[in-house]
Amino acid sequence: MTLTDALARFDALPAVSTQEMHGEWRGSGVPTGHDMDGLLETYQWYGKSFLSDEVVHPLVFRTRLGQKYAIDPCLIPLSLSRYHALTRNVVARALFRLATPLLRTRSPRARLRAVSHRGVTTAAMVYDHLPIIDCFRRIDERSMLGVMDIRGAAPFFFQLERDT
């Protein structure tokens, strides 16, 4: 899907309230040619956890045994996503696994707010310490389309499926 197609799809979907986002969500990227396409999945990204409007874990990963843990997004250098070979190779994945204990957090690192994005007020996840806002639109009762609005970068699209 092109970036233009992804934006059109996002714009055609209905808004969602912050309360509808509460819960655990499995995530997957929506390929649009963005530097981050496939990156999170490579590192065993699980998704996002919205315990309340004030308690949000924006980056939840899984261990090899399937246990979930949150990572502090401030500790992940997003600029590395431009270097595909570095971020997607076996050595980089091994280093990520070794660094995981230093990256983990139990503290929330984002909040849910109603935000006007592309002319529609909808639920959005506002990162506490990064210039990033993830905005959401409803695909259906169990699925959301998200767009990561990163200051100074192209939008990154992802899909969330409610985990029961």
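Could you give me the residue pairs with C-beta distances under 8 Å whose first residue belongs to the stretch 38-50 and is over 17 Å from residue 134 (Cα atoms) and free of Cβ contacts under 8 Å to residues at least 40 places away in the same chain, whose second residue is hydroxyl-bearing (Ser, Thr, Tyr) and part of a loop (DSSP other than H, G, I, E, B) wherever it lies, and which are 6+ apart or on separate chains?
Note: pairs meeting the criteria are 44/63.
Of everything in the stretch 6-60, what is farther than 30 Å from residue 95 by Cα and surrounded by 19 or more Cβ atoms within 10 Å (Cβ to Cβ)? Give them in sequence order.
6, 10, 16, 18, 21, listed by residue number.
Would you pick out the residues in the stretch 124-164 that are buried (at least 20 other Cβ atoms within 10 Å of the Cβ), out of contact with any helix residue (DSSP H, G or I) (no Cβ under 8 Å at 6 or more places or on another chain) and charged (D, E, K, R)?
134, the sole residue that qualifies.
Taking the stretch 2-41 as the search range and keeping residues that are among the hydrophobic types (A, V, I, L, M, F, W, C) and more than 19 Å from residue 117 (Cβ to Cβ), which one is modelled with the highest pLDDT?
Only one residue fits best here, namely 40.
Looking only at the stretch 108-123, which residues are in contact (Cβ under 8 Å) with a residue 60 or more places away in the chain and buried (at least 18 other Cβ atoms within 10 Å of the Cβ)?
112, 122, 123 - these are the residues of the stretch 108-123 that are in contact (Cβ under 8 Å) with a residue 60 or more places away in the chain and buried (at least 18 other Cβ atoms within 10 Å of the Cβ).
As an exercise: evaluate residue 44 against (1) modelled with pLDDT of 95 or more; (2) of a type in the set (S, T, N, Q); (3) more than 14 Å from residue 146 (Cβ to Cβ) and give the number of the one condition it does not meet.
Condition not satisfied by residue 44: (1).
Only residues in the stretch 70-82 that are part of a strand (DSSP E or B) count as the first member; pair them with residues that are surrounded by 13 or more Cβ atoms within 10 Å (Cβ to Cβ) and modelled with pLDDT under 90, Cβ under 7 angstrom, at least 6 apart or cross-chain, and list the lot.
From residues that are part of a strand (DSSP E or B), the pairs are 70/104; 71/103; 71/104.
Pairs needed: first member in the stretch 90-106, touching a residue at least 24 places away in the same chain (Cβ under 8 Å); second member anywhere, among the charged types (D, E, K, R); C-beta distance under 8 Å; at least 6 residues apart or different chains.
From residues that are touching a residue at least 24 places away in the same chain (Cβ under 8 Å), the pairs are 103/72; 104/72; 105/72.
Give the residues of the stretch 7-39 that are within 28 Å of residue 52 (Cα to Cα), small (Gly, Ala, Ser) and assigned to a helix (DSSP H, G or I), sorted by residue number.
Residue satisfying the conditions is 12 alone.
Here's a check for you: in the stretch 94-126, which residue that is of a type in the set (D, E, K, R) and in a loop (DSSP other than H, G, I, E, B) is nearest to the chain's Cα centre (by Cα)?
Among those that are of a type in the set (D, E, K, R) and in a loop (DSSP other than H, G, I, E, B), it is 109.
Do you know which of the residues in the stretch 40-63 that are in contact with a helix residue (DSSP H, G or I) (Cβ under 8 Å, 6 or more places away or on another chain) and assigned to a loop (DSSP other than H, G, I, E, B) is farthest from residue 123 (Cα to Cα)?
If we take residues in the stretch 40-63 being in contact with a helix residue (DSSP H, G or I) (Cβ under 8 Å, 6 or more places away or on another chain) and assigned to a loop (DSSP other than H, G, I, E, B), then 43 is farthest from residue 123 (Cα to Cα).
If I ask for residues that are touching a residue at least 24 places away in the same chain (Cβ under 8 Å) and more than 13 Å from residue 30 (Cβ to Cβ), which ones from the stretch 140-152 would you list?
Correct list: 149, 150.
The values are calculated or read from the model by the stated rules, or taken from the named source; none is laboratory data. Since the model is a prediction, treat every value here as computed from it, not as a measurement. A quick note on method: Cβ atoms are made from the backbone with ideal geometry, for glycine too, and the neighbour counts reach across all protein chains shown.
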